[in-house]
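Novice: What follows is a single structure, and I will ask about it in a moment.
Laboratory data are not the source of any read-out in this text; all were calculated from the coordinates shown. Because the structure is a prediction, the values reported are computed rather than measured. In this analysis, Cβ positions are derived from the backbone assuming ideal geometry, glycine residues included, and neighbour counts consider all displayed protein chains.
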Amino acid sequence: MSIESSPGGRVASASERIETAAEPWFVALDVDGTIMHEDGTIDDLVADAVAAAEDRGHLVTLATGRSWATTRPVLEQLGLTPEYVVCANGAITMRRDDTAEGGYSREHVETFDPTAVLERIRAFLPSGKFMVELADGFRLYTRGMTEWNLDNAREVEFEGLLDQRATRVVVTSLEHGLDEFFEIVDQMGLHHVSYAIGWTAWLDIAPDGVNKATALERVRGWLGADAARVLAVGDGRNDLEMFAWAGAAGRSVAMGQAPDEVRAAAREVTGAVDEAGLAATLDTLP
């Protein structure tokens, strides 16, 4: 579970960690494939490392593509109560609020009208499955979207997705391989939205200019955290902007099983999720 440097990257030395031990790091962690396995389990070694980093005074939070409804259980499983949590790939930022149900309220929400992009995507993927997440976390989805958590959601016809204020759109096309899906998405020429392609043939769409990095930079400002003491860890294409943000002055770390382009974008590469790679990274913090 040793940490290796990606091309152009490096790992902070022990002496550097000692020198910075007096000040906390702002730590942003992706969930799926970073903290959590595909089956929803979290290694004890990872959970312990997250707790230990927080105990040492570091500001540990989550930055995920998940909705708040599916992020909150992860926080509870880890025993984390950060001041802010980034969800929906940066479109929603939650703030700790003891007066709110569940202990958090929506601090910042970015929305867009997905009508044009949905209609364009459907022209290229007529058999695609679609889901739209609204500002309050409720989701609308079309038939066949069975591989996603559909709590707090309702099935609608495609037209029922249009003319909404959405924080996120998910599109899947499981009959296409990943390479073919890449080609189709490239042909779409999507404009005025931010998007990332997942591990399989699914597309995650956010408001234009919104991603994990934009939300995390806002949170960093609210917290008054030093940009040189930022650590971001992830494994997906929706982490690329986060890596650029964190790596500009701090540390960006890709999980070992991440796609080549994701590993190349990070300044460091750690072990895979099956090797509890996140624990190895967190243990390098003072």
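Novice: Identify, please: which residue in the range 266-278 is in contact (Cβ under 8 Å) with a residue 60 or more places away in the chain and not charged (D, E, K, R) and is, among those, surrounded by the fewest Cβ atoms within 10 Å (Cβ to Cβ)?
Specialist: Residue satisfying both the conditions and the ranking: GLY271.
Novice: How many residues are among the aliphatic types (A, V, I, L, M) and surrounded by 24 or more Cβ atoms within 10 Å (Cβ to Cβ) when one looks only at the range 61-71?
Specialist: Selection size over the range 61-71: 2.
Novice: Can you name the condition, by its number, that ILE205 falls short on among (1) surrounded by fewer than 19 Cβ atoms within 10 Å (Cβ to Cβ); (2) closer than 18 Å to ARG168 by Cα?
Specialist: Result: ILE205 passes all but (1).
Novice: For ALA69, state whether it is of a type in the set (A, V, I, L, M, F, W, C), assigned to a helix (DSSP H, G or I) and under 16 Å from the mean Cα position of the chain (by Cα).
Specialist: Considered against the rule, which asks whether it is of a type in the set (A, V, I, L, M, F, W, C), assigned to a helix (DSSP H, G or I) and under 16 Å from the mean Cα position of the chain (by Cα), ALA69 comes out as yes.
Novice: Here's something else I'd like to know. How many of the residues in the range 74-128 are among the polar types (S, T, N, Q) and either without any contact (Cβ under 8 Å) to a residue 12 or more places away in the chain or touching a strand residue (DSSP E or B) at 6+ places or on another chain (Cβ under 7 Å) (or both)?
Specialist: Kept after step one, since they are among the polar types (S, T, N, Q), are these residues of the range 74-128: 77, 81, 89, 93, 99, 105, 111, 115, 127.
Filter again for either without any contact (Cβ under 8 Å) to a residue 12 or more places away in the chain or touching a strand residue (DSSP E or B) at 6+ places or on another chain (Cβ under 7 Å) (or both), leaving 81, 89, 93, 99, 105, 111.
Number satisfying all stated conditions: 6.
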